[in-house]
Structure formats: C-alpha cells, structure tokens
1. Counting just the residues of the stretch 108-122 that are open to solvent by 70 Å² or more (accessible area, probe 1.4 Å) and without any contact (Cβ under 8 Å) to a residue 40 or more places away in the chain, which one comes out farthest from residue 148 (Cα to Cα)?
2. If residue 228 passes every condition in (1) open to solvent by 10 Å² or more (accessible area, probe 1.4 Å); (2) over 21 Å from residue 131 (Cβ atoms); (3) not charged (D, E, K, R) but one, which one does it miss?
3. How many residues, within the stretch 184-200, are within 24 Å of the chain's Cα centre (by Cα) and either open to solvent by 70 Å² or more (accessible area, probe 1.4 Å) or at pLDDT 90 or above (or both)?
4. If I ask for residues that are crowded, with 16+ Cβ neighbours inside 10 Å and under 30 Å from residue 221 (Cα atoms), which ones from the stretch 86-101 would you list?
Amino acid sequence: MEIKRRKYRWDRIAGAGLTLLTALILFVAWIAPASVQSADGLVHPGTEVINESNELATKDSAQFHARPKEEEILPCSCNKKVLNLPKNPYTAHRQAARNLPSSFYVKDKSEMKSGKRRGKLVAVTDGRGYHIAPLSHSHAVLLPEVASLLEDMGQAFADQLEGTLSEGTTFRVTSLTRTAQQQAQLGRQNYNAITDASTHSYGASFDIAYTDRLSNEADCSSPTRAIQRVLRTFQESGRILVIPERNCMHITLRP
Ligand SMILES: [Zn+2]
C-alpha cells in the first residue's frame, strides 16, 4: 500500500511539474514576440534598430532621422530630374564667362586674392531668398555683376513665396568660384588647359542644388515651382544660361 501510494505521488509530482513546464514554455513563447513587437514600435529608430543593417541605415537614414528628431528638415532637390528647363550648351556658358566685363581666369589662390583686392571678385554671404552651403571645392566669391544676379534671384524667389506656407524658404548655393587648381582636384579639368576651363574658374557661375524649407509641414511643391519659375524667367529674359545637371542647376551670367 505504502509503495503504491508513493508511486502515485511521484506521478502527480511529475504531472504537475510537466504542466508547470508547459505553462512556462507557453508563457515565454507568448511574451517573447510581444516584447519584440513593442520594441519595434516604440524604440527610437536610429539607435539599435538602425545598427542591425547598415544597408537599411544608409538607404533610409533620412527617414529614420526625420521621425524621432522632428527638427531635422529634409531639403527639396533642384536638379534636372525635378526642374524642367532647356539646357544652354556649355560652349555658350564658356563664351559668356569670358566676355563678362570684369571676368578673368582665376588660376590659383593668389590670383583669387589679388582679384579680391582689385574689387574684381566680391565676397558672397547669405541674403534674402538664398544661402551659401559649407564649401569644400570653391570659394564664396563672385564677379560683382554675378553677385548682383544672385541677390536678384534670391529676391525673386523670396517674393514668390511671400505670404505662403513656404515663406522663408531659401535656395542653397553649393558651388561658386573655383580656382583652376580646385577644378583640377575635382578631376574635371587639366590645370593648365585654359581652353576647356570651367566657367566657375571665371567667377561667372554658381550652382543651386536644393531649396531649404523652415519645416517639414510646408511641402516641396511650392519652393520647387518657385525656383523653376525664377530660373525660367531669368533664362527667357536672356540674363542667365542654365545647365540642368544630375545634382544641381549650373547657372552662368550672360554679358
Ligand atoms: Zn556648376
């Protein structure tokens, strides 16, 4: 009897243990996906999630960063994919650059400095409707008449957006005067080959690559339409030549 009772107890203990184990497994299985789900939904992207895949981080970093940090505002592109403008051939740009009254070939830094001293190149800073991006391969100087052109285009752009949700948006100037040395560093030109010199090496050209909004609430359509209209108007009136490029709009003043 005692042996039988003891056997019966062991069965019950084993049974209870098994039930407990099963319950535990089920509980873990139930809670694990739930916690992953909540981590996906609540974790701030740009931290652990983004490190799981570099490809994802690179591809979507703008989106990931924009969501948690709402103050980061995405720019609107100004290139040949989004703007519709006829292309003026580069030969025309080069001819224009050389024929501007005060233009000269800015071969190197000392040429640029002497140009500034003589007032043939003027320093360019942010103005109404435009701003200058941090520059790595050019200097924020232009021929005086090209600096005036930039100011006028900035005014025209700001006027277009005045009183709209996009008021205060500025276009971003990403390249101005490049010495022939800097141009050569970009791999686009032989340092001494003046025949195929860039119009940037005459202080005659600048590039616009983006418009920068004040908030993500104002969408890109208004600033994109505005910059398109400004460029088109200046081009049609014969004041500028334009080359829509892959990353920007290349603009040269006409004499
Ligand atoms: Zn350019």
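1. Ranking the candidates gives 110 first.
2. Failed condition: (2).
3. Adding up the residues that qualify gives 5.
4. Residues satisfying the conditions are 88, 93.
The values are calculated or read from the model by the stated rules, or taken from the named source; none is laboratory data. This one's a predicted model, so the numbers in the text were calculated from it and none came from an experiment. Positions of Cβ are backbone-derived with ideal geometry, glycine not excepted, and every protein chain shown enters the neighbour counts. Ligands, DNA and RNA are excluded from the accessible area calculation, which covers all protein heavy atoms including side chains. Shrake-Rupley method; radii C 1.70, N 1.55, O 1.52, S 1.80 Å.
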